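Beneath this line is the structure, given in structure tokens, with notes to follow.
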Amino acid sequence: MTNAVIIEQSVTHFVEHSSAKSHLLFVTHDIIEILKDLLHRYETTSCNVLLFLSPGISESVLKFIYKQKNSQAMYSIILISPNGKTVIPAKKDLYYIQGLRTSTVLKKEFQYLVKDTFYRFAQMRSQEKKETESNFKLIDTHRDQQDLINIGRALSVEKNPDRLFRKILTLSQKITGADAGTIYLVEETAEGGKQIRVKYANTWSRDIQFEEAVLPFNTKTIAGYVAHTGEVLNIPDVYKLTPDDPVGFNPRFDREHNYITKSMLVVPMRNHRGEIIGVIQLINSKEKMTIDPNIDPLEIKLVNKEDYDNEVVSFHHRYERLLEAVAGQAGVAIENIRMIHQIETQFEEFVRASVFAIESRDEPTSGHSARVAEICIAMAEAINRQKKGKLAKIQFSESELKELKYAALLHDYGKVYLDLRLFQKAKKLYPEEFVLMMRKLDLAYKSAEIRFLNRELALLQQEKEITPDSGLYREIEQERSQCLSKIQYIREKIQLLNEPSVISETQQEVLRDITDCLKKLECHDIDGKKIDLFSKEIQKALSIERGSLTAQERREIQDHVEHTYNFVSKIPWPKELADIPLIARYHHELLDGSGYPLGLKGNKNIPIQARIMTIADIYDALTAADRPYKKALSLEKALTLLQHEADAGKIDPDLFALFKSEKIWEKITLPSN
Ligand SMILES: [Fe+2]
Ligand SMILES: [Fe+2]
């Protein structure tokens, strides 16, 4: 603080001035010049100025003072008018004009005026400082309250645990001006004990990589002590802790990182049941209560020892309660996330277990849905990484990835409603149908044999002289041989026709021939009722033109999509997962409209999630381990087949290009059985 007395040259004879150590003294014509110089030199520390002026010059000096809007300087003017000239100052100028003298200011008066003026200024400044400080405190408290509200809001919406820990710590640091800090969580060990894990740490002054370390659950460490006892610790200087204190400080971190831990505030975090679930540890508060609130303490860097000495202060007591409030909110938020995570994990495991149970009915397809989910997620994540091209515009959020995963896990759930034999049908006839057909032919064969033997017997009984060479006998033998050979022929042909290959013209002729023959074959049960050797169903199955399924069976299989949709739609999904039923429903739709069940066409009608799943589904079906009706294809062959589908406009060519370029198949960790 600088005090200055300026006496205008023209009135110096009327002011019996004296110099003193307490103030600077100037006698001058050019008042403004001196003021400018003073402001320039002492502005940062502020200066108080007492001026003795003639009325003539006072106007220009006041003009100058009014211009210094942001100045911290204080002015007091005494007008000297010894010739008795009446001076009436303007009302606004009275703030600065302390008095009017029409006679000489005597030495004692001068000393009194100087002392009084500067004393008043000092008082005013002290009052101002107090007001400013309480204003700052008020602002700071208001800021803390705002921070607390914001923390509550921020923590309640955060669903990602890592981001939550980061938020809890950085917001706590922001409130208290702490340079460093750590979030610890109490967790259970496999043996049923407890331990404390470092979940996040942050130091504003340094770029120190935090490591997820584990501490034993005891009172030997400061965090352990707080986790154990639930006490709030506010330690002004950890290096001044003595063996009599309940906790001790381990300086290992300081040594390793050339850091100096001084003040520390450690509070426990509790869940809604009041159990301690973690600890917030804050280190080195840089928030001095009297500093300008516009200065952010977190910006202050601690580099040298002097920085620690000058900038680090104890944590203010009011932060103990405030931090407890923050820790309370943080504890509940952490517990909420834990519970949500647990519910989600349980639900996902339940879905996986259900799908696994369904797929276990058909060993060769087991694991299909989980692999399709894995491929879908790998593709969606690859899309998220795209920087250019059509797919770069698409970004899957965390909940969209989850939605895709569930849709993929459940996409074939509807198969639970279908006859399992449909999926295992390797030939045109079901195995039991084929066996029954063969047994019927065996019966027909044996019946024919008996019939011919009976005819021979009857012949023998009628004509005793008959020999094997006789015409009638030979006739029967011939007929018998023809009939039995025909049955043998039918047996062989049915075995051939049962294969799931494409049926040829000749085979169709053979089928007609067999049908005619079997119609003529007489075969009866023990009640004498004619046995239907070649039912319409068997004829239909053997006349399948391609593969092993009839049109009806094919339709039934396709119905799995609608069964899936109906089942998955019944689950009350949260809003962000609401598209799961639709994504699952479209997994057999093809871009050219040839898919099922709706025959949707084009990118606009088939969402990208379903297009991704179609590729994943086909790829897994092609490459999965051998099934009764198909062999596993090599990667090369599967890619060629998928390329054909892309070229034919059935699957999304951009997605398939990504599938190839990102080698998505290398990201599958689940076995293909
Ligand atoms: Fe399917
Ligand atoms: Fe599938």
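Quick notes
- Using the empirical formula 2.2 N^0.38 Å as the baseline, the Cα radius of gyration of the range 523-575 reaches a ratio of 2.05.
- Relative contact order (%) - the chain, alpha-carbon pairs under 8 angstrom, separation at least six: 9
- With the charge dipole of the chain set up from +1 on Lys and Arg Cβ and -1 on Asp and Glu Cβ about the Cα centre, the Cα lying farthest toward the positive end among the listed residues M613, F253, G181 is that of G181.
- Remark on L25: its backbone amide H falls under 5 Å from those of V5, a criterion applied only to residues 5 or more positions apart or on other chains, H modelled at 1.01 Å from N.
- Alpha-carbon Debye profile of the range 2-129, log10 I(q)/I(0) at 0.10, 0.11, 0.15, 0.16 Å⁻¹: -0.28, -0.34, -0.66, -0.76
- R0 of 56 Å, Cβ-Cβ distance I343-L436: FRET efficiency to nearest 0.05: 0.65
- Viscosity 1.567 mPa s, 4 °C: Kirkwood-radius Stokes-Einstein D of the chain over Cα pairs, µm²/s: 37
- The residue list L641, A373, I526 was ranked by how far each Cα lies along the charge dipole of the chain toward its positive end, using unit charges on Cβ atoms, and A373 comes out on top.
- Residue list for the range 346-382, given a label point 7 angstrom along the Cα-to-Cβ vector of S672 and an amide N cut-off under 16 Å: 364-376
- For the range 527-534, 3J(HN,Hα) computed residue by residue from phi via the Karplus equation (6.51, -1.76, 1.60; θ = phi - 60°) reads 8, x, 7, 5, 8, 7, 6, 9 Hz, glycine and proline entered as x.
- Here the range 120-137 and the range 54-86 have alpha carbon centers that stand 25 Å from each other.
- Rotationally averaged projected area of the range 431-546 (alpha carbon convex hull; nm²): 8.4
- Binning all Cα-Cα separations of the range 1-71 at 10 Å, short to long from zero, yields these whole-percent fractions: 19, 55, 25, 1.
- Value of Rg to Rh for the range 158-337 (Rh from inverse mean 1/r over Cα pairs, i.e. Kirkwood): 0.95
- Inter-label distance for L453 and D309, nm, one decimal - labels placed 7 Å from Cα along Cα-to-Cβ: 12.2
- Each residue of the range 642-647 is assigned a 3J(HN,Hα), and the resulting list reads 5, 4, 4, 5, 5, 5 Hz, derived from the Karplus form 6.51 cos²θ - 1.76 cosθ + 1.60 (θ = phi - 60°), x at Gly and Pro.
- Evaluating 6.51 cos²θ - 1.76 cosθ + 1.60 at θ = phi - 60° for every residue in the range 551-566, the Karplus couplings come out as 4, 4, 5, 4, 5, 4, 4, 4, 4, 4, 5, 5, 4, 4, 4, 5 Hz, glycine and proline recorded as x.
- The range 490-646 - Debye-derived log10 I(q)/I(0), Cα point model, q = 0.19 Å⁻¹: -1.22
- The range 158-337 - percent relative contact order, Cα under 8 Å, separation 6 or more: 25
- Overall, the range 431-546 carries a charge dipole of about 220 debye about its Cα centre when +1 sits on the Cβ of Lys and Arg and -1 on the Cβ of Asp and Glu, all other atoms neutral.
- Extension gain, E187 back to E275 (0.36 nm per residue minus Cα-Cα distance, nm): 30.5 nm
- Per-pair calculated FRET efficiency, R0 = 35 Å: E556 and L443 via Cβ, rounded to 0.05: 0.65
- Label positions at L215 and A357, each projected 7 Å from the Cα along the C-beta direction, are separated by 4.5 nm.
- Note on the range 244-345: the C-alpha convex hull projects to 9.8 nm² when averaged across all orientations.
- Computed extension length for S22-I149: 40.7 nm, one decimal, from 0.36 nm per residue of separation with the Cα-Cα distance subtracted.
- The label-point distance for N83 and I208, in a model that sets each label 7 Å from Cα toward Cβ, rounds to 7.6 nm.
- Our estimate of slack between N70 and R512, defined as 0.36 nm per intervening residue step minus the Cα-Cα distance, is 148.1 nm.
- Every pair of different Cα atoms in the range 155-219 enters the Kirkwood calculation, which places the hydrodynamic radius at 13.0 Å.
- Basic side chains Lys and Arg get +1 at the Cβ, acidic Asp and Glu get -1 at the Cβ, and with that the dipole of the range 1-55 about its Cα centre reaches some 180 debye.
All of the numbers you see were taken from the coordinates with simple rules; none came from a lab. Here the structure is a predicted model, which is why all the values come from computation and not from measurement. Here Cβ is always computed from backbone atoms with ideal geometry, including for glycine, and neighbour counts include all displayed protein chains.
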